[in-house]
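Asker: Mind looking over this structure? Questions follow.
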Amino acid sequence: MKNEELVTENKEEGPSANSSFFIPHSSLQFSLLIAARNEASSLPQLLRDLAAQTLPAAQFDVLIADDHSTDATAALVSAAASETGFQLRLISLPAAETGKKAALQAALQVARAPWLVCTDADCRLGPGWLAAYAALLSRQPLANFISGPVLLTGPDSGFMTLMGLEFAGLVGVGAACLGRRKPTMCNGANLAYRRAAFEAVGGYADNAHLASGDDEFLLHKIHAAFPGTAHFLTDAAAIARTAAPTSLGALLRQRVRWASKWRHYQSAASRHLALLV
């Protein structure tokens, strides 16, 4: 398969019922995929960040997949869709499907842009976030995967400082490995991939049974199929900020969950790094 965009049929007949306007397929550069479960308290801030993007609204749309929330997540997104300055759509998962991968896959099914960008519902983004992705693609037009920087935020304490330094170290290791064209890790809170590359490697098909790995397994598969086309976005404007774990126990549970994927990695470097995590 050539390293180029796939031309896909736009299956929508017209504007979404939850959209205030409709962006022509040819104008879109990015479709943002966001999985949300009981995120009614976080989404308003994220939507404000997206409304403040310096990238023109005609170049991106936002798809929020509601993973069976029991709070006001769905109602909030539906109401916001008629008020935002960008195209916003709500996708509800069928009763038989749940989890982040299922949510991202459901959003991807109706996404229309050649590039898919992922972040989390509780992240905060600067106004130059999407513009930084666009700038990298202008320099690396053959890219197939982009890993973005993530920064932990939290109270001013010694514990938070240590967590922040440790997390920054992991992000730095992931960036260095990408620079050496030996990718090991990335973070699903801030990444992008070409739709054509995702489809070429089968998406999540061979790891759909695992609770996590929507980020790193995809990175490894795209690198294997298209060597040298995965990049780290070294631009401070591209930082996604996310809240740190609130306790040592929460931190350990998070890291055990991350490292639990190690036996499914194909490369020795990724396995060793997962155990170190």
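The values are calculated or read from the model by the stated rules, or taken from the named source; none is laboratory data. Only a predicted model underlies this, so the values are computations on that prediction, with no experimental measurement involved. Cβ sites come from the backbone with ideal geometry, for glycine too, and all protein chains shown count toward neighbours. Note: areas computed on protein heavy atoms with side chains; ligands, DNA, RNA excluded. Shrake-Rupley method; radii C 1.70, N 1.55, O 1.52, S 1.80 Å.
Asker: Projecting each Cα onto the charge dipole of segment 25-276 (Lys/Arg +1, Asp/Glu -1 at the beta carbon, about the Cα centre), which of Tyr193, Leu46, Leu93 comes out farthest on the positive side?
Answerer: Tyr193
Asker: Of Ala238, Gly174, Gly249, whose Cα points farthest to the positive end of the dipole of segment 25-276 (charges on the beta-carbon: +1 Lys, Arg; -1 Asp, Glu; origin at the Cα centre)?
Answerer: Gly174
Asker: Measure off 7 Å from each Cα along the Cα-to-Cβ vector at Thr54 and Ser82, then give the distance between these two points in nanometres to one decimal.
Answerer: Once both label points are built, they end up 3.4 nm from each other.
Asker: Please state the shape class of segment 25-276: rounded when a/c is under 1.5, otherwise prolate if a/b exceeds b/c and oblate if not, all from the C-alpha gyration tensor.
Answerer: Note, shape of segment 25-276 comes out rounded.
Asker: Moving on. Antiparallel versus total DSSP beta bridges in segment 25-276: what percent is that, nearest 5? Provide the component values of the computation, followed by the final result.
Answerer: On the way: 10 of 34 bridges.
The answer is about 30 percent antiparallel.
Asker: Mean separation of Cα pairs under 8 Å and 6+ residues apart, divided by the residue count of segment 17-159: what relative contact order is that in percent? Numbers along the way, then the final one.
Answerer: On the way: 229 pairs, mean separation 48.9, N = 143.
Averaging sequence separation for qualifying contacts and normalising by length gives 34 percent for segment 17-159.
Asker: Hey, another quick one. So if I place +1 on the C-beta of Lys and Arg and -1 on the C-beta of Asp and Glu, and nothing else carries charge, what would the dipole magnitude of segment 25-276 be about its Cα centre? I want it in debye, nearest 20. It would help to have the intermediate numbers written out before the result.
Answerer: Details: 21 positive and 18 negative charges, 167 e Å.
The dipole of segment 25-276 has a size of about 800 debye.
Asker: Which value, in Å², gives the accessible area per residue of segment 25-276 when a 1.4 Å probe is used on the protein heavy atoms?
Answerer: On the way: 10650 Å² over 252 residues.
Ligands and nucleic acids excluded, the result is 42 Å² per residue.
Asker: Let me ask you something else. Taking 8 Å as the Cα distance limit and 6 or more residues as the minimum spacing, I'd like the relative contact order of segment 25-276 as a percentage. Kindly include the intermediate steps, with their values, before the conclusion.
Answerer: Working: 443 pairs, mean separation 56.2, N = 252.
With pairs under 8 Å counted, the relative contact order is 22 percent.
Asker: On the accessible surface of segment 25-276, probed at 1.4 Å, how many percent belong to carbon and sulfur atoms? Present the calculation step by step, with values, prior to reporting the outcome.
Answerer: Numbers: 6270 of 10650 Å².
C and S atoms contribute 59 percent here.
Asker: Using the per-residue mean of other Cβ atoms lying within 10 Å as a proxy for protection, in what order, highest first, do the peptides 79-87, 125-133, 226-234 fall? Provide the component values of the computation, followed by the final result.
Answerer: Numbers: 79-87: 16.8, 125-133: 21.2, 226-234: 18.4.
Answer by packing, highest mean first, reads 125-133, 226-234, 79-87.
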